[in-house]
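The values are calculated or read from the model by the stated rules, or taken from the named source; none is laboratory data. Please read these numbers as outputs of a predicted model, since none were measured by experiment. So basically every Cβ, Gly included, is an ideal-geometry build from the backbone, and we count neighbours across all protein chains shown. Just so you know, the surface numbers come from the protein's heavy atoms only, side chains and all, with ligands and any DNA or RNA stripped out. Shrake-Rupley method; radii C 1.70, N 1.55, O 1.52, S 1.80 Å.
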Amino acid sequence: MKILVIEDDRATADYLVKGLKEAGHVVDHADNGRDGLFLAASEPYDGLIVDRMLPGRDGLSLLEVLRTTGNDTPALVLSALGSVDDRVKGLRAGADDYLTKPFAFAELLARLEVMQRRARGGGSAPVTRLQIADLEMDLLARTVKRAGKPVDLLPREFQLLEYLIRNAGNVVTRTMLLENVWDYHFDPQTNVIDVHIARLRQKIDKDHPVALIHTVRGAGYVIREPV
């Protein structure tokens, strides 16, 4: 999804942007209501995450303007104000959902996906599980199993495995991994990829008769079904 985050708190905004990108989404950010309204009105987005208390224009009035002009982009309001009256005001202003701070990021992702299903008229749900052979990933619970047994992965290892599985059967180059897993748009001249691939193999393929992760010499890496 392409998502616009309208949040003035830098720490919260960085946390949201980083997490959403790690989950595979394209993210824009505005740190005030005025710029947020401009972006939301001029760019096509699949979802909005709007802080209620914003400089320039508060989040609820921002949504009211969008709705009165016919913009029905699904919107999730974030707020430290969590009373029933506060939530009702947010929903009546045009929010599709309302989440109080502090929040669990997995819940925020799930709520975004629900909003998308509603917007699509109940169409096909976003992918939340990936599988290749006997390797399974639950993207919401952030869990991995091989042959039914849990595999404990660090966050970067989880991202790396997800990217490999989403491209199963296709060779992914070092440049592709640096850009899509590490968000590097330059070669850091380190062996960071080799180290993480080696760790991933230890956790995914060790003690199993068939390896799933393979090196394609001179090209990159591939995860594929056993032949």
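Observations
- Backbone HN-Hα couplings from phi across segment 101-118 [Karplus 6.51/-1.76/1.60, Hz, Gly and Pro as x]: 8, x, 9, 8, 4, 4, 5, 4, 4, 4, 5, 4, 5, 5, 4, 5, 4, 4
- Taking Cα atoms only, the orientation of helix 155-166 departs from the longest principal axis of the chain by about 80 degrees.
- Amide H to amide H distances under 5 Å link VAL151 with VAL144, LYS145, ARG146, where only residues 5 or more positions off or on other chains count and H is placed in the peptide plane.
- The chain - accessible surface per residue (Å², probe 1.4 Å): 53
- Contact order normalised by residue count of segment 2-118, Cα under 8 Å, 6+ apart, percent: 22
- Restricting segment 36-96 to trypsin sites (Lys or Arg not before Pro) that sit in a DSSP loop and have at most 15 other Cβ atoms within 10 Å of their own Cβ leaves nothing.
- Cα shape, segment 2-118, gyration tensor, a/c 1.5 rule: rounded
- Axis of helix 33-42 versus longest Cα principal axis of the chain: the two differ by about 70°, to the nearest ten degrees.
- Dipole in debye (nearest 20) - segment 129-223, about Cα centre, beta carbon charges: Lys, Arg +1; Asp, Glu -1: 200
- Taking the C-alpha atoms only, the angle from helix 59-68 to the longest principal axis of the chain is near 80 degrees.
- Each residue of segment 211-227 is assigned a 3J(HN,Hα), and the resulting list reads 7, 9, 9, 10, 8, 9, 3, x, 10, x, 9, 8, 10, 8, 5, x, 7 Hz, derived from the Karplus form 6.51 cos²θ - 1.76 cosθ + 1.60 (θ = phi - 60°), x at Gly and Pro.
- Helices in the chain, meaning DSSP H runs of at least 4 residues, each add -39500 (n - 2.57). Divided by all residues, the mean residue ellipticity at 222 nm is -12000 deg cm²/dmol.
- DSSP beta bridges confined to the chain are antiparallel in about 50 percent of cases.
- Here the accessible area of the chain is 51 percent carbon and sulfur, with a 1.4 angstrom probe and all protein chains present.
- For TYR98, residues with placed amide H under 5 Å, excluding near neighbours: VAL77
- Note that the chain shows a convex hull volume over its alpha carbon atoms of 148 Å³ per residue.
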